[in-house]
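Shown next, in structure tokens, is the structure this report addresses.
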Amino acid sequence: MGPVEFIKELKALGWNIEDSGKDDIIEIDLLADGRFVNAPSELAEFIGQFSLCASKDDTIWFLSINDYLEETDSDFSWDEFEQQSLDSAVDEDVEEIEKFWNSNLPFLMAVKNGYGYAAVVLDGENKGSVVLGNEPEFEDTVTIANSINEFFDIYISVLKNEIQNPAFSFIK
């Protein structure tokens, strides 16, 4: 399923979705400290379509282009969990944490059952796959899809209770 169909499915499930209102061309490569250079085009297409895409209870949301441009009043920045990891790291762990986050771009955030996120892998043999991570060790992830479009398919199936997947427990 592509980004447009995914948004339609989320709307049908009662998610709060507001159009981005962005008609101008955004230099996508400049977003997220340049990390979008290696992001799949489907992710760029997806985040450009809305300014808000959140669950009914606002405990799960997809980051929008406005989040990456830091043009929101959200209490969470697009790199919130990276910053939390770095704030609590001991010196010898900082380099590993930075390496992880430079290779994983979050696009979904959750505070429903603790803090968690979904991210797309930006490089390496798993480039383009989607991982889930949650507190307390945000960098300990599980791969749940081989592509962003596969993630869309799986996530809708999980939200509709068509499949059960324990890895999704904190973002359902």
Taking the stretch 85-109 and keeping only residues that are in contact with a Phe, Trp or Tyr (Cβ under 7 Å, 6 or more places away or on another chain) and of a type in the set (S, T, N, Q), one is left with Ser85
Please specify each residue of the stretch 135-148 satisfying the condition of being out of contact with any Asp or Glu (no Cβ under 6 Å at 6 or more places or on another chain) and more than 18 Å from Val94 (Cα to Cα). Val142, Thr143, Ile144, Ala145, Asn146, Ser147
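Here's a check for you: in the stretch 71-108, which residue that is in contact (Cβ under 8 Å) with a residue 60 or more places away in the chain and not in a helix (DSSP H, G or I) is nearest to Asp140 (Cα to Cα)?
Quick first cut of the stretch 71-108, residues in contact (Cβ under 8 Å) with a residue 60 or more places away in the chain only: 102, 105, 107-108.
Then drop every residue that is not not in a helix (DSSP H, G or I), which leaves 105, 107-108.
On the way: Leu105: 14, Phe107: 17, Leu108: 16 Å.
Among those that are in contact (Cβ under 8 Å) with a residue 60 or more places away in the chain and not in a helix (DSSP H, G or I), it is Leu105.
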Here is a list: Asp75, Asp93, Asp87. Which entry is within 25 Å of Asp57 (Cβ to Cβ) and out of contact with any strand residue (DSSP E or B) (no Cβ under 6 Å at 6 or more places or on another chain)? Asp75
Please list, ordered by first then second residue, the pairs with beta carbon atoms under 7 Å, 6 or more apart or interchain, first in the stretch 31-50 and free of Cβ contacts under 8 Å to residues at least 40 places away in the same chain and of a type in the set (A, V, I, L, M), second outside any helix (DSSP H, G or I) and surrounded by fewer than 20 Cβ atoms within 10 Å (Cβ to Cβ). Leu31/Leu69
Is there any pair linking a residue in the stretch 54-70 that is in contact (Cβ under 8 Å) with a residue 24 or more places away in the chain and farther than 14 Å from Ile171 by Cα to one that is part of a loop (DSSP other than H, G, I, E, B) and aliphatic (A, V, I, L, M), with Cβ under 8 Å and at least six apart or on different chains, and which? Ile65/Ile26; Ile65/Leu31; Tyr68/Leu31; Leu69/Ile26; Leu69/Leu31
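Looking for whichever is in contact with a helix residue (DSSP H, G or I) (Cβ under 9 Å, 6 or more places away or on another chain), surrounded by fewer than 20 Cβ atoms within 10 Å (Cβ to Cβ) and either among the hydrophobic types (A, V, I, L, M, F, W, C) or under 18 Å from Ile171 (Cβ atoms) (or both) here; the options are Asn113, Asn134, Asn102. Which one fits?
On the way: Asn134 fails: surrounded by fewer than 20 Cβ atoms within 10 Å (Cβ to Cβ); Asn102 fails: either among the hydrophobic types (A, V, I, L, M, F, W, C) or under 18 Å from Ile171 (Cβ atoms) (or both).
Testing whether each residue is in contact with a helix residue (DSSP H, G or I) (Cβ under 9 Å, 6 or more places away or on another chain), surrounded by fewer than 20 Cβ atoms within 10 Å (Cβ to Cβ) and either among the hydrophobic types (A, V, I, L, M, F, W, C) or under 18 Å from Ile171 (Cβ atoms) (or both) leaves just Asn113.
Yes/no matrix, rows are residues, columns are (1) under 23 Å from Asn38 (Cβ atoms); (2) modelled with pLDDT of 95 or more; (3) assigned to a loop (DSSP other than H, G, I, E, B); (4) not aromatic (Phe, Trp, Tyr):
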residue: Val120; (1), (2), (3), (4): yes, yes, no, yes
residue: Pro136; (1), (2), (3), (4): no, no, yes, yes
residue: Thr143; (1), (2), (3), (4): yes, yes, no, yes
residue: Phe151; (1), (2), (3), (4): yes, yes, no, no
residue: Ile163; (1), (2), (3), (4): no, no, yes, yes
residue: Phe170; (1), (2), (3), (4): no, no, no, no
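Conditions (1) modelled with pLDDT of 90 or more; (2) farther than 22 Å from Ser20 by Cβ; (3) buried (at least 20 other Cβ atoms within 10 Å of the Cβ); (4) more than 12 Å from the chain's Cα centre (by Cα), marked per residue:
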site: Cys53; (1), (2), (3), (4): yes, no, yes, no
site: Asp58; (1), (2), (3), (4): yes, no, no, yes
site: Phe62; (1), (2), (3), (4): yes, no, yes, no
site: Glu70; (1), (2), (3), (4): no, no, no, yes
site: Asp73; (1), (2), (3), (4): no, no, no, yes
site: Phe76; (1), (2), (3), (4): no, no, no, yes
site: Gln84; (1), (2), (3), (4): yes, yes, no, yes
site: Val90; (1), (2), (3), (4): no, yes, no, yes
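The values are calculated or read from the model by the stated rules, or taken from the named source; none is laboratory data. Bear in mind that the values here come from a model prediction, so they are computed numbers and not experimental data. Neighbour counts run over all protein chains shown; Cβ positions are idealised from the backbone, glycine included.
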